[in-house]
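A.B. asks: Please read through the structure below; I'll follow up with questions.
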Amino acid sequence: MGHQVGDMLLHAVASRLADCVRESDTVARLGGDEFVIVIADLAAPEDAITVIEKSRQALMVPFYIEDQELALTTSIGVSYYPKDGDDPDSLLRNADIAMYYAKEAGGDAFRIYSPTMNTLARERVEFENSLRKALERQEFVLYYQPVISLDTGKIVCAEVLLRWQNPKLGLVMPQEFIPITEDTGLIGPLGEWLLQEACAQTKQWQLEGFAPIKIAVNLSAKQFNQGDVADMVEKF
């Protein structure tokens, strides 16, 4: 999507959202692809859900811009004044936390803020910070699972298994940290380290007199989107 098309899409989103609220309400763009809706003087808190569902339905309809059909996924977080904050910063922060949970649910969803989300969000931040430092601290380890031919009984390949040896959490399995590396962009440097280490290990086995062996490495789709996977493999 080009820059011009992106701008036109954002204007179209703002227009649809404005059609979903009253003239007394406010629709504003916070930055990037994030918008905020301020709904004042609700008769009941539940009335906000009507606006949310109306907005979701409006944004589910594809956009047609410059002969392109564009479909969006919408994640919405909700906070209430004064229960969830008595100033704009607090309300926005808590709505943002709730929006994160909506994204975690798979998108096209909304979540209403609750105080328990703060604890879970803080734990997520701490987990991310530990993950960022794990490469520097050499906490990742590789295990090699042999693949054996049923015909010959010989090892024909080794599957590389990545694990995170965290000092506090112990051995952390990939399904617990790979999605976060994909969200934060850490999958790039982590994937490069994995390839380098795995290739170095196969070279070491050959130096010790073992025959060359194929290795199988699991890659994330996000790594292919970066477009340098083939270059990395060739380099190592």
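Read the figures in this text as sums done on the coordinates, not as results from a lab. What you see is a predicted model; the values in this text were computed from it and never measured. So basically every Cβ, Gly included, is an ideal-geometry build from the backbone, and we count neighbours across all protein chains shown.
A.B. asks: Using only DSSP helix segments of four residues or longer, with each worth -39500 (n - 2.57), what per-residue ellipticity at 222 nm results for the chain after dividing by its residue count and rounding to 500? Kindly include the intermediate steps, with their values, before the conclusion.
C.D. replies: Details: 8 runs with 112 residues, N = 236.
The per-residue figure over the chain is -15500 deg cm²/dmol.
A.B. asks: May I ask you to evaluate 6.51 cos²θ - 1.76 cosθ + 1.60, the Karplus curve with θ = phi - 60°, for each residue of the stretch 77-90 and list the ³J(HN,Hα) values in order in whole Hz, giving x for glycine and proline?
C.D. replies: Using θ = phi - 60°, the values come out as x, 10, 9, 10, 8, x, 4, 9, x, 10, 8, x, 4, 5 Hz.
A.B. asks: Hey, what angle do you get for helix 187-207 against the long axis of the chain, alpha-carbon based, 0 to 90 degrees rounded to 10?
C.D. replies: Once rounded, one gets 0 degrees.
A.B. asks: Divide, for the stretch 3-119, the radius of gyration over alpha carbons by 2.2 N^0.38 Å, where N is the residue count. Display every interim value, and only then the final one.
C.D. replies: On the way: Rg = 14.5 Å, N = 117, 2.2 N^0.38 = 13.4 Å.
Its radius of gyration relative to the 2.2 N^0.38 Å reference: 1.08.
A.B. asks: Give me the lysines in straight-line cross-link reach of LYS214: C-alpha distance below 21 Å, same-chain residues under 8 apart excluded.
C.D. replies: List returned: LYS154, LYS203, LYS235.
A.B. asks: Sticking with this one: Only Cα pairs under 8 Å and at least 6 apart count here; give the relative contact order of the chain as a rounded whole percent.
C.D. replies: On the way: 262 pairs, mean separation 23.7, N = 236.
The normalised contact order for the chain reaches 10 percent.
A.B. asks: Follow-up. Suppose we keep just the alpha-carbon trace of the chain; what are its Rg and Dmax in angstrom?
C.D. replies: 24.1, 79
A.B. asks: Need one number: the % of Cα-Cα pairs in the stretch 158-197 sitting beyond the 13 Å mark.
C.D. replies: On the way: 454 of 780 pairs.
Of all Cα-Cα distances in the stretch 158-197, 58 percent exceed 13 Å.
A.B. asks: I want the antiparallel fraction of DSSP beta bridges within the stretch 116-236, as a percent rounded to 5.
C.D. replies: Values: 12 of 16 bridges.
Antiparallel: roughly 75 percent of the beta bridges in the stretch 116-236.
A.B. asks: Just the number, please: percent antiparallel of the DSSP beta bridges in the chain, rounded to the nearest 5.
C.D. replies: Working: 20 of 28 bridges.
Looking only at bridges with both residues in the chain, the antiparallel portion is about 70 percent.
A.B. asks: Under a Cβ-Cβ cut-off of 12 Å, what is the net charge of the residues other than GLU126 that fall near it, where Lys and Arg count +1 and Asp and Glu count -1? Mind showing how you got there, number by number?
C.D. replies: Numbers: positive: ARG122, ARG124, ARG132, LYS133, LYS168; negative: GLU123, GLU128.
So the environment of GLU126 carries a net charge of +3.
A.B. asks: Need one number: nm distance between label points at TYR81 and GLN175, each 7 Å from Cα along Cα→Cβ, rounded to one decimal.
C.D. replies: 4.4
A.B. asks: What's the FRET efficiency of GLN138 with ALA14 using the Cβ-Cβ distance as r and R₀ = 35 Å, to the nearest 0.05?
C.D. replies: Numbers: r = 47 Å, r/R0 = 1.36.
E between GLN138 and ALA14, to the nearest 0.05, is 0.15.
A.B. asks: I need the peptides 57-65, 110-118 ranked by packing, meaning the mean over residues of other C-beta atoms within 10 angstrom, with the highest value on top.
C.D. replies: Values: 57-65: 13.8, 110-118: 16.1.
For the peptides 57-65, 110-118, the packing ranking is 110-118, 57-65.
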